[in-house]
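Trainee: Would you mind keeping the following structure in view while I ask a few things?
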Amino acid sequence: MKLMTLASIAVILPVLWTLPLRAENPLQVKQLLETNLCQGCDLSGAQLTQAHLIGADLRGADLGAATLVEANLEGADLTGANLTRADLSQAFLTNATLDGATLDQANLTRAQIYFAQVKGTSLVGANLTQADIVGTPISVGGD
């Protein structure tokens, strides 16, 4: 009996290990999309591709590993938000507030970052390839 249980665990565990983790709170995702207010919400791993989040209040929200491809975050307040490993490729971040936010290992490829506030923002290992950065104090080295 114990051998069969161990064998079952040995077969099931690798399958479960490869499944994508989705930790976001579905009610909080709905709240964000309906009200544009989600301060301190758990949106980690959320699928927000092409979401219209203009002026959204996402202060202190957890958007770690969230997909925000082509999302419009114009004027959004992401103060203190966690965007570690988030995919913000082709996102619009015009006039966004990112003060104290963590964007470590975030994908900002071809993002449009115009006049964003980034005081105390962490961008360790962030991908800024072909990002359009205007009026935002982010220094990008290389060609």
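The values are calculated or read from the model by the stated rules, or taken from the named source; none is laboratory data. These numbers were taken from a predicted model, which means no experiment stands behind them. Cβ placement follows ideal geometry from the backbone for every residue including glycine, while neighbour counts extend to all protein chains displayed.
Trainee: What residue, among those in region 34-79 that are among the acidic types (D, E) and assigned to a loop (DSSP other than H, G, I, E, B), is nearest to K119 (Cα to Cα)? Before you say what the answer is, go through the steps one by one.
Mentor: Quick first cut of region 34-79, residues among the acidic types (D, E) only: 34, 42, 57, 62, 70, 74, 77.
Subsequent filtering for residues that are assigned to a loop (DSSP other than H, G, I, E, B) retains 70, 74.
Values: E70: 24, E74: 17 Å.
Residue satisfying both the conditions and the ranking: E74.
Trainee: I've got another one for you. Going by the structure shown, is T102 touching a strand residue (DSSP E or B) at 6+ places or on another chain (Cβ under 7 Å), modelled with pLDDT of 95 or more and either charged (D, E, K, R) or buried (at least 19 other Cβ atoms within 10 Å of the Cβ) (or both)? Break it down stepwise before answering.
Mentor: On the way: touching a strand residue (DSSP E or B) at 6+ places or on another chain (Cβ under 7 Å): yes; modelled with pLDDT of 95 or more: yes; either charged (D, E, K, R) or buried (at least 19 other Cβ atoms within 10 Å of the Cβ) (or both): yes.
Answer is yes for this residue.
Trainee: Same structure, new question: Within the set of pairs 6+ apart or on separate chains, which have a first residue in region 37-52 that is at positive phi, a second that is outside any strand (DSSP E or B) and of a type in the set (K, R), and C-beta atoms under 8 Å apart?
Mentor: G40/R59; G45/R22
Trainee: Please state which of the following conditions T84 fails to meet, knowing it meets all the rest: (1) over 16 Å from L43 (Cα atoms); (2) not in a strand (DSSP E or B).
Mentor: Failing condition for T84: (1).
Trainee: Identify, from the list L21, L16, the residue that is at pLDDT below 95, surrounded by fewer than 10 Cβ atoms within 10 Å (Cβ to Cβ) and either under 14 Å from the mean Cα position of the chain (by Cα) or not in a loop (DSSP other than H, G, I, E, B) (or both).
Mentor: Values: L21 fails: either under 14 Å from the mean Cα position of the chain (by Cα) or not in a loop (DSSP other than H, G, I, E, B) (or both).
Testing whether each residue is at pLDDT below 95, surrounded by fewer than 10 Cβ atoms within 10 Å (Cβ to Cβ) and either under 14 Å from the mean Cα position of the chain (by Cα) or not in a loop (DSSP other than H, G, I, E, B) (or both) leaves just L16.
Trainee: State all residues of region 107-130 that are in a loop (DSSP other than H, G, I, E, B), under 14 Å from the mean Cα position of the chain (by Cα) and closer than 15 Å to T49 by Cα; if no residue qualifies, say none.
Mentor: L108, T109, A111
Trainee: Scanning for something over 17 Å from E24 (Cβ atoms) and either modelled with pLDDT under 95 or among the polar types (S, T, N, Q) (or both), does region 113-121 turn up at least one residue? I'd like the intermediate steps shown before the answer.
Mentor: At the first step, the residues of region 113-121 found to be over 17 Å from E24 (Cβ atoms) are 113-121.
After this cut, where a residue has to be either modelled with pLDDT under 95 or among the polar types (S, T, N, Q) (or both) as well, the list is 117, 121.
Yes - at least one qualifying residue is present in region 113-121.
Trainee: Sort out which residues of region 29-39 are surrounded by fewer than 21 Cβ atoms within 10 Å (Cβ to Cβ) and either farther than 18 Å from T79 by Cα or out of contact with any Asp or Glu (no Cβ under 8 Å at 6 or more places or on another chain) (or both), and write them in order of number.
Mentor: So the first thing to find is which residues in region 29-39 are surrounded by fewer than 21 Cβ atoms within 10 Å (Cβ to Cβ), and the list is 29-31, 33-37, 39.
Answer for region 29-39, where residues must be surrounded by fewer than 21 Cβ atoms within 10 Å (Cβ to Cβ) and either farther than 18 Å from T79 by Cα or out of contact with any Asp or Glu (no Cβ under 8 Å at 6 or more places or on another chain) (or both): V29, K30, Q31, L33, E34, T35.
Trainee: Let me ask something else. Quick check on my filter: what residues within region 46-66 are of a type outside the set (A, V, I, L, M, F, W, C) and surrounded by 19 or more Cβ atoms within 10 Å (Cβ to Cβ)?
Mentor: D57, R59, D62, G64
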